[in-house]
Amino acid sequence: MYGKGLRALSLATFAALTATFALVFFYAPLDADQGFIQKIFYVHVPVAIVTLCAYVLGGIFAAIHLKTHDRGWDLRSYVVIHIALIFNVVGLLTGAIWAKASWGHWWVWDEPTLVSFLIVFLLFATYQPLRFSIEDPERQARYAAVFAVMAGAFVPLNFAAVRAATATVHPRTFGTTGGGLPSQMAWVFVVAIVAMALLFALMCCYEIAAKQTRWQLRALRRRLLGSDAVAPLGRSAAPALGEPSRSAPRESGRGSYPAEAPS
Amino acid sequence: MSVLFAVAPALPLDEAGKYVAGAFVAFVGVIVIYVAIMGVRLQRMSRELSELHRALEAREQGEAERAKGAAAR
């Protein structure tokens, strides 16, 4: 059934987040330069890393959808990008708070790391309106997948370009020369990344389980009460699995979409 | 817990504490909002499911009455 393993994943996420918060405040040493403010690092940087990786993952899922025409992959791509956008907002918020505390400004426009992260956010923020603007589910999935692949490929390129740029004030977490995190901080940082990745996976699993349950309910209603009892789906950015395509049917089996939501 | 607090660095609740608290509250706040949205969705689905259960029961009851009527005839 849907949501299989959600309880175990929820417990693991809760344990990892609790461990992270405990380690951040009771184990990780205070930063010699920034002091207590540096604690924001353990939320901001893992969230940003998970966000960028998730965008790439969304692009990979979209590429699989384009190859296999399986709309389950379109759903995964959509959900991953959707949750990544939420994480992106958290990354921007925590970054702005850290910037205000550390530099005295909420935002610094001449800092490549900040601006590039905002550009990535704005780029993926157009994903939902793009999907919403296309009514036909099949076309919506295909066009959104092309966008997700291109935007997903842009993320590592953007990251490399920022690394190559001469940084002004934003520090580098994975330094290329000398320094780096002390071992105690590095351990806490790794645990924080694992916790954020688990949280991300959990939110994605919840979202997918909720969508699949909703489609199953619609299918059940259709079988039980007839098609007239099921209100037609309005225009939506979310993939509509189990809903018949409004475009002409495809001639081959490859590419035909399932009548029911996949398990 | 008291031992943990004894070995932990002092938490300065001055200027820095305000910002750190703000960042962590922003993070937790977004999770809480997400959980609340999921809760509303779950409620809606559970309502729909109970509606379908009622429809199924009414259908089964009607079928049973029809079968009883046919048997009486």
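The values are calculated or read from the model by the stated rules, or taken from the named source; none is laboratory data. Small disclaimer: the values here were computed from a predicted structure and weren't measured. Backbone-built Cβ (ideal geometry, glycine too); neighbour counts: all protein chains shown. These area figures cover heavy atoms from the full protein model, side chains too; ligands, DNA and RNA do not enter into them. Shrake-Rupley method; radii C 1.70, N 1.55, O 1.52, S 1.80 Å.
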Look at region A:197-219 and say how many of its residues are small (Gly, Ala, Ser), in contact with a helix residue (DSSP H, G or I) (Cβ under 7 Å, 6 or more places away or on another chain) and farther than 16 Å from A:Ala8 by Cβ.
1
Condition check for B:Arg73: modelled with pLDDT of 85 or more and basic (Lys, Arg)
no
Tally the residues that are farther than 19 Å from A:Gly91 by Cα and either open to solvent by less than 40 Å² (accessible area, probe 1.4 Å) or charged (D, E, K, R) (or both), restricting the search to region B:18-58.
12
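Name the one entry in A:Phe121, A:Phe132, A:Phe159 that is open to solvent by less than 50 Å² (accessible area, probe 1.4 Å) and assigned to a helix (DSSP H, G or I).
Numbers: A:Phe132 fails: open to solvent by less than 50 Å² (accessible area, probe 1.4 Å); A:Phe159 fails: open to solvent by less than 50 Å² (accessible area, probe 1.4 Å).
A:Phe121 is the lone residue from the list that is open to solvent by less than 50 Å² (accessible area, probe 1.4 Å) and assigned to a helix (DSSP H, G or I).
So which residues in region B:34-51 are more than 7 Å from chain A (Cβ to nearest Cβ) and within 11 Å of the chain's Cα centre (by Cα)? Reasoning before the result, please.
First, the residues of region B:34-51 that are more than 7 Å from chain A (Cβ to nearest Cβ): B:35-37, B:39-40, B:42-44, B:46-47, B:50-51.
Correct list: B:Val35, B:Ala36, B:Ile37, B:Gly39, B:Val40, B:Leu42, B:Gln43, B:Arg44, B:Ser46.
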Over region A:182-193, the set of residues open to solvent by 60 Å² or more (accessible area, probe 1.4 Å) and either at pLDDT below 80 or in contact with a helix residue (DSSP H, G or I) (Cβ under 6 Å, 6 or more places away or on another chain) (or both) is none
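Within region A:89-104, can you find the residues that are of a type in the set (A, V, I, L, M) and either buried (at least 19 other Cβ atoms within 10 Å of the Cβ) or more than 14 Å from A:Val50 (Cβ to Cβ) (or both)? Quick ask: steps written out before the conclusion?
Just the residues of region A:89-104 that are of a type in the set (A, V, I, L, M), to begin with: A:89-90, A:92-93, A:96-97, A:99, A:101.
Those that are of a type in the set (A, V, I, L, M) and either buried (at least 19 other Cβ atoms within 10 Å of the Cβ) or more than 14 Å from A:Val50 (Cβ to Cβ) (or both): A:Val90, A:Leu92, A:Leu93, A:Ala96, A:Ile97, A:Ala99, A:Ala101.
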Checking A:Glu111 against (1) buried (at least 17 other Cβ atoms within 10 Å of the Cβ); (2) more than 29 Å from B:Gly17 (Cβ to Cβ); (3) among the charged types (D, E, K, R): exactly one of these is not met. Which one?
(2)
Only one of A:Asp74, A:Asp110 that is of a type in the set (Asp, Glu), more than 23 Å from A:Gln212 (Cα to Cα) and either part of a helix (DSSP H, G or I) or in contact (Cβ under 8 Å) with a residue 40 or more places away in the chain (or both):
A:Asp110
Residues (open to solvent by less than 20 Å² (accessible area, probe 1.4 Å) and either closer than 16 Å to A:Gly180 by Cα or touching a residue at least 12 places away in the same chain (Cβ under 8 Å) (or both)) located in region A:21-47
A:Val24, A:Ala28, A:Gln38, A:Lys39, A:Ile40, A:Phe41, A:Tyr42, A:Val43, A:Val45, A:Pro46, A:Val47
Among the residues of region A:181-196, the number that are over 14 Å from A:Ala12 (Cβ atoms) and touching a residue at least 60 places away in the same chain (Cβ under 8 Å) is 8
